[in-house]
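A short write-up of the structure that comes next.
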Amino acid sequence: MAGILYGWIGVYYGGLAHMVDTWNYHYNSIQEYHLLQTNPHEYFTNLFKDPYEGGLMQFFGNKDSFWNDLKSNVVIKILSVFDIFSFGYYYVNVIFYSFLTLFGPICCFRLMNDVYPGRKLIIAIATFLIPSFLYWTSGIHKDGLTFLGIAILTYNIYFGLKEKKINFKRIFLILLGLLILLLFRNYIIVIIAPAILAWLQASKWPKHGLAIFAGVYILFISLFFTVRYINPNWDFPQAVVNKQESFMQLQGNSYVPINKLKPTVLSFIVNIPQAFTLSTIRPYPSDVNHILSLAAALEIDLLLLLVLLFFLFRTNGTQSKNFIYFCLFFSFSVLLTIGYTVNFLGAIVRYRSIVIPLLIVPVMAQINWKKLSKIIS
């Protein structure tokens, strides 16, 4: 139902919400579907062709990059397969798409239910019914597939560590999760790598988990700024700056002015407050200019209220502290990256939706709802 709503808004409010992509994918998939009928060889090979000279080398490129185009091309190719069975109907494709992407929230629910046993209803609400997460990951776009990759990866690492057994099936699924991220949001791999490494190391010395996470992140932050001196093609600060510049060249109703980032340590430090504010607590009520932005503003206010209740009515935590550290370090790394690069509130709401369950489920699962209900009543 959320996926159908997503497509409907894309038709009737596409200009307002900048949601024309989902229908562009659909129309391009119809062309691919016809290509399958007329030229099967081209259909099965065009995904691997690099139309740019040196486009394969532009892993984080924003234009003239094989990798930048790949994420959209794969979505189109998947939809073209759906078209074989749906005869090219968008809203039928939504059913096929949701069948695939729903495994992401299911993995998250089962994982969190193991982390916080006995709180199934709260975990289900926080996993499946947070409005922005439900909406953005249900529609035919890259977000549902991206979260699927994250969920498959974390689910299999978590239970592999818990059971102290990494078999062939788990290795295959971990690689599948990484492949999904490579195809649809390749920069997430760079962000999730230190979080996973710290999580694996912390599992060996559980009592020193927070110190291990801090140490690993200090190391990776140092590499982030220095590895370019070893290989100029690995200039990660410049890649972030380029991403910000590409967004600043766009136009839209939810544009907000931001300070221009520079590829220096000082510039990244100075812009931390701006990046954090943009990606975590906006849109403000003053940012509301239509019903969609009103919904986003109300949601963020509700989520901030839940965080406040967490601090006021917190219950005992979980034994899986290192997993929670993973959620926090990874999620806030994603949020900072969004805050550094994106200056459109609509896009920010969409991009951050994929980490909301990793933050809100632990918050809601540790609120003492019985005590709170007694106070209210």
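The values are calculated or read from the model by the stated rules, or taken from the named source; none is laboratory data. These numbers come from a predicted model, not from an experiment. When we count neighbours, we look across all protein chains shown, and the Cβ atoms used for this are built from the backbone with ideal geometry, even at glycine.
Here are the numbers for the structure shown:
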| quantity | calculated |
| --- | --- |
| Among the candidates Ser246, Ser254, residue that is in contact (Cβ under 8 Å) with a residue 40 or more places away in the chain and buried (at least 17 other Cβ atoms within 10 Å of the Cβ) | Ser254 |
| Single condition Val190 does not satisfy, out of (1) more than 24 Å from Lys77 (Cβ to Cβ); (2) surrounded by 21 or more Cβ atoms within 10 Å (Cβ to Cβ); (3) in contact (Cβ under 8 Å) with a residue 40 or more places away in the chain | (2) |
| Residue within segment 334-343 that is in contact with a strand residue (DSSP E or B) (Cβ under 7 Å, 6 or more places away or on another chain) and in a helix (DSSP H, G or I) present | no |
| Every residue from segment 257-276 that is assigned to a helix (DSSP H, G or I) and loosely packed, with under 13 Cβ neighbours inside 10 Å | Leu266, Ile269, Ile272, Pro273 |
| Qualifying residue in segment 147-159 (condition: touching a Cys at 6+ places or on another chain (Cβ under 9 Å), of a type outside the set (A, V, I, L, M, F, W, C), in a helix (DSSP H, G or I) and under 25 Å from Leu336 (Cβ atoms)) | yes |
| Hits in segment 119-142 - residues which are touching a residue at least 60 places away in the same chain (Cβ under 8 Å), farther than 14 Å from Ile356 by Cβ and in a helix (DSSP H, G or I) | Ile122 |
| Qualifying position, being in contact with a Lys or Arg (Cβ under 8 Å, 6 or more places away or on another chain), closer than 18 Å to Trp199 by Cβ and not aromatic (Phe, Trp, Tyr), among Asn156, Asn113 | Asn156 |
| Index of the failed condition, Leu250 passing every other in (1) within 30 Å of Leu305 (Cα to Cα); (2) outside any helix (DSSP H, G or I) | (1) |
| Residue ranges of helices (runs of 4 or more DSSP H) in segment 8-104 with at least 1 members modelled with pLDDT under 90 and not charged (D, E, K, R) | 14-17, 20-38, 40-45, 66-86 |
| Matching residues in segment 117-172 - criterion: being under 18 Å from the mean Cα position of the chain (by Cα), within 18 Å of Cys327 (Cα to Cα) and of a type in the set (Phe, Trp, Tyr) | Phe128, Phe133, Phe147, Tyr155 |
| Cβ pairs under 6 Å, 6+ apart, first in segment 357-376 and farther than 14 Å from Leu305 by Cβ, second not in a helix (DSSP H, G or I) | Ala365/Tyr116; Ala365/Arg119; Gln366/Arg314; Gln366/Thr315; Asn368/Phe313; Asn368/Thr315; Lys371/Phe313 |
| Residue in segment 281-301 that is crowded, with 19+ Cβ neighbours inside 10 Å, without any contact (Cβ under 8 Å) to a residue 24 or more places away in the chain, in contact with an Asp or Glu (Cβ under 7 Å, 6 or more places away or on another chain) and not acidic (Asp, Glu) present | yes |
| Test: residue in segment 291-313 that is of a type in the set (S, T, N, Q), modelled with pLDDT of 90 or more and in a helix (DSSP H, G or I) | no |
| Scan of segment 251-278 for residues that are out of contact with any helix residue (DSSP H, G or I) (no Cβ under 9 Å at 6 or more places or on another chain) and at pLDDT below 90, ordered by number | Gln251, Pro257 |
| Residue within segment 322-329 that is surrounded by fewer than 21 Cβ atoms within 10 Å (Cβ to Cβ), in contact with a strand residue (DSSP E or B) (Cβ under 6 Å, 6 or more places away or on another chain) and either in contact (Cβ under 8 Å) with a residue 24 or more places away in the chain or within 13 Å of Ile130 (Cβ to Cβ) (or both) present | no |
| Sole residue being without any contact (Cβ under 8 Å) to a residue 40 or more places away in the chain and more than 26 Å from Leu47 (Cα to Cα), chosen from Val240, Val227 | Val227 |
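Here is a yes/no grid of residues against (1) farther than 21 Å from Trp67 by Cβ; (2) among the aliphatic types (A, V, I, L, M); (3) free of Cβ contacts under 8 Å to residues at least 60 places away in the same chain:
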| site | (1), (2), (3) |
| --- | --- |
| Cys107 | yes, no, yes |
| Pro117 | yes, no, yes |
| Gly144 | no, no, yes |
| Ala151 | yes, yes, yes |
| Ile157 | yes, yes, yes |
| Lys169 | yes, no, yes |
| Gln201 | yes, no, yes |
